[in-house]
Amino acid sequence: MSTPKDAGGREPDTIHLPAPTVWPMVMALGVTLAFGGLVTHAVVSLVGVGLALIGGVGWWREVLPEERVEHVPVREHAERARPIVPSPAKVEYLRLGEAGHRVRIPVEVHPYTAGVIGGMVGGVAMAVVAMAYGLLFHGSAWYPVNLLSAAAMPAMARADAETLRAFVPSSVLVAVLAHGVLSVLVGLLYGAILPMLPRRPILWGGIVIPLLMSSVVWASLGVVNPTLNARIDWVWFVASQIAFGLATGFVVARTQPIATMQTWPLAARAGVEARLVAPEGEGDR
């Protein structure tokens, strides 16, 4: 509550506000213990009732016979926040909400097939970058494949460089299955997330999400499998993740989105089977 201006019309140097007090929390704790004793022990209820009474009396004395206040100094005009200036920029309105029902974001979603196809294309792009790394730095395209299988085959994480450069059928099978399943699942995740992000799906899907995923893997792999973590070239790992994100985001963003059920008429959303559903607005005539 502000102090009124003095006789000279000047603003006060301080304003007085209700003083802080701990008694409401003491009373709340007492009430909680009082009811908690109903399912635990009677002693808990007795302690709670005592705390509630003490807190209530203390709280009462804070406001009667005279309320306790504290004086807060008023800042100089130069230090105060500037007044709010209205902006002439227009705001994009959610027009679907004007029809009488709430808008749920996103208004349009991508089909599941877009996420599956995008995940497959992204998986191929990621594999190309990873195998290029193996050829350039280790002389074998099977090096990253065997290294990927080390997540499910601990023996491959401890294998020597010659073994990792060789073609190991069981290791290749495990790596292909794991990479394929993960690519499709992450592709489905892209299809669900991208419609909810503000524009620029290639930026979000190709840069931001891969960097976040890479940071999570980097932070967790050092604890889960330190041996495998020491053998990963993280620069190329991030590059392969970005390749996956760019390819998957491009495929998902290029698909035709599908309007959600909130754009349907009320009868259709309610599941009413009717031969003719009146267009929006005709019911008001």
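The values are calculated or read from the model by the stated rules, or taken from the named source; none is laboratory data. Worth saying up front: this structure is predicted, and the values here are computed from it rather than measured. No Cβ is skipped: glycine too gets one built from the backbone with ideal geometry, and neighbour counts run over all protein chains shown.
Of the helices (runs of 4 or more DSSP H) lying entirely inside the range 174-254, those containing at least 3 residues that are under 20 Å from His110 (Cα atoms) span 234-254.
In the range 242-259, of all residues being β-branched (Val, Ile, Thr) and within 13 Å of Ala125 (Cβ to Cβ), the one that is surrounded by the fewest Cβ atoms within 10 Å (Cβ to Cβ) corresponds to Ile242. Has the range 219-242 got any residue that is charged (D, E, K, R) and at pLDDT 85 or above? Checking the range 219-242: at least one residue is charged (D, E, K, R) and at pLDDT 85 or above.
Which of the residues belonging to the range 199-225 are among the aromatic types (Phe, Trp, Tyr) and over 17 Å from Ala247 (Cα atoms)?
Matches in the range 199-225: Trp218 only.
From (1) more than 19 Å from Ala114 (Cα to Cα); (2) surrounded by 14 or more Cβ atoms within 10 Å (Cβ to Cβ), pick out the condition that doesn't hold for Leu182. Evaluating Leu182 over (1) more than 19 Å from Ala114 (Cα to Cα); (2) surrounded by 14 or more Cβ atoms within 10 Å (Cβ to Cβ) leaves (1) as the failure. Kindly indicate whether any position in the range 186-206 is exposed (fewer than 14 other Cβ atoms within 10 Å of the Cβ) and closer than 22 Å to Leu221 by Cβ. Among the residues of the range 186-206, not one is exposed (fewer than 14 other Cβ atoms within 10 Å of the Cβ) and closer than 22 Å to Leu221 by Cβ, which makes the answer no. Screening the candidates Ser220, Ser170, Ser215, Ser140 for the property of being of a type in the set (Gly, Ala, Ser) and surrounded by 15 or more Cβ atoms within 10 Å (Cβ to Cβ) yields one hit, Ser140. Apart from one condition, Arg165 fits all of (1) modelled with pLDDT of 85 or more; (2) surrounded by fewer than 19 Cβ atoms within 10 Å (Cβ to Cβ); (3) out of contact with any His (no Cβ under 8 Å at 6 or more places or on another chain); the exception is (3). In the range 65-157, counting only helices (runs of 4 or more DSSP H) that sit wholly within it, none holds 2 or more residues that are under 30 Å from Trp23 (Cα atoms), at pLDDT below 75 and in the same structural domain as Gln256 (by TED's automatic domain parsing). Would you mind stating whether Val224 is without any contact (Cβ under 8 Å) to a residue 40 or more places away in the chain and assigned by TED's automatic domain parsing to the domain that holds Glu162? Yes; evaluated as a whole, the condition is true for this residue.
Tell me yes or no: at least one residue of the range 35-51 is at negative phi, β-branched (Val, Ile, Thr), in contact (Cβ under 8 Å) with a residue 12 or more places away in the chain and touching a strand residue (DSSP E or B) at 6+ places or on another chain (Cβ under 9 Å). No - not one qualifying residue is present in the range 35-51.
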